[in-house]
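The values are calculated or read from the model by the stated rules, or taken from the named source; none is laboratory data. Because the structure is a prediction, the values reported are computed rather than measured. Cβ placement follows ideal geometry from the backbone for every residue including glycine, while neighbour counts extend to all protein chains displayed. All accessible areas refer to the heavy atoms of the entire protein, side chains included, with ligands and DNA or RNA removed. Shrake-Rupley method; radii C 1.70, N 1.55, O 1.52, S 1.80 Å.
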Amino acid sequence: MIRVQTQDFDIGAEIAALTSGRTDIGAVVTFTGLVRDVTLELEHYPAMTERELERIEAEAHERWMLQASLIIHRVGKLSPGDNIVLVVTASAHRGDAFQAAEFLMDYLKTRAPFWKREGEKWVEARESDDEAAKRWEK
């Protein structure tokens, strides 16, 4: 499940909705990204962004035994302390859930079609983020 939205999200409610009634899930891994120090503005191309996030989520399901997953990414103007992103992966065993969550976050940090601006400055992916993402290349 993919959502790109301006409104905040409730982490507990999202996990509960994803796992409710599921007895095949033995592990849930979550990652929540928060705005640090300065106001951040995120832009995207609506249809293209959702399609690309759906593609990478499907790839995670091909690589690991996931029962469910969720990516929520916020756009618009965000203040320090605001939630930016939520990635939830659920599987029968923790290893698949951890690896899939890392894979999805590495992708979101380096290749997802979002543009981030701090004040007048556009934010580029860091070299360390690009290096981390290389481990997933086929």
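Shown for segment 63-129: the carbon plus sulfur share of the solvent-accessible area, taken with all protein chains present and a 1.4 angstrom probe, equals 48%. Only aspartates and glutamates eight or more places from K121 in sequence, or on another chain, were considered; those with a Cα closer than 16 Å are D37, E41, E43. Please state, as a whole number in µm²/s, the translational diffusion coefficient that the Stokes-Einstein equation yields for segment 42-115 at 25 °C and 0.890 mPa s, with Rh defined as the Kirkwood radius across alpha carbon pairs. Once the numbers are plugged in, D ends up at 190 µm²/s. Taking a ≥ b ≥ c as the square roots of the eigenvalues of the alpha carbon gyration tensor, segment 1-132 is prolate, as a/c is not under 1.5 and a/b beats b/c. Annotation for E59 and K77: the two label points, set 7 Å from Cα along the Cα-Cβ direction, are 3.4 nm apart.
Straight-line cross-link partners of K138 among the aspartates and glutamates, defined as a Cα under 19 Å from its Cα and at least 8 positions apart when in the same chain: E52, E54, E57, E59, E62, D96, E102, D106, D129, D130. Taking all protein chains into account, the per residue accessible area for segment 17-138 stands at 57 Å² (1.4 Å probe).
Modelled label positions at H93 and K138, each set 7 Å beyond Cα in the direction of Cβ, lie 2.3 nm from each other.
Listed values for segment 116-122 are Karplus-derived 3J(HN,Hα) couplings in whole Hz (6.51 cos²θ - 1.76 cosθ + 1.60, θ = phi - 60°), namely 10, 10, 10, x, 9, 9, 6, and x replaces Gly and Pro. FRET efficiency for the pair A27 and K121, taken as 1/(1 + (r/R0)^6) with r the Cβ-Cβ distance and R0 = 41 Å, rounds to 0.60.
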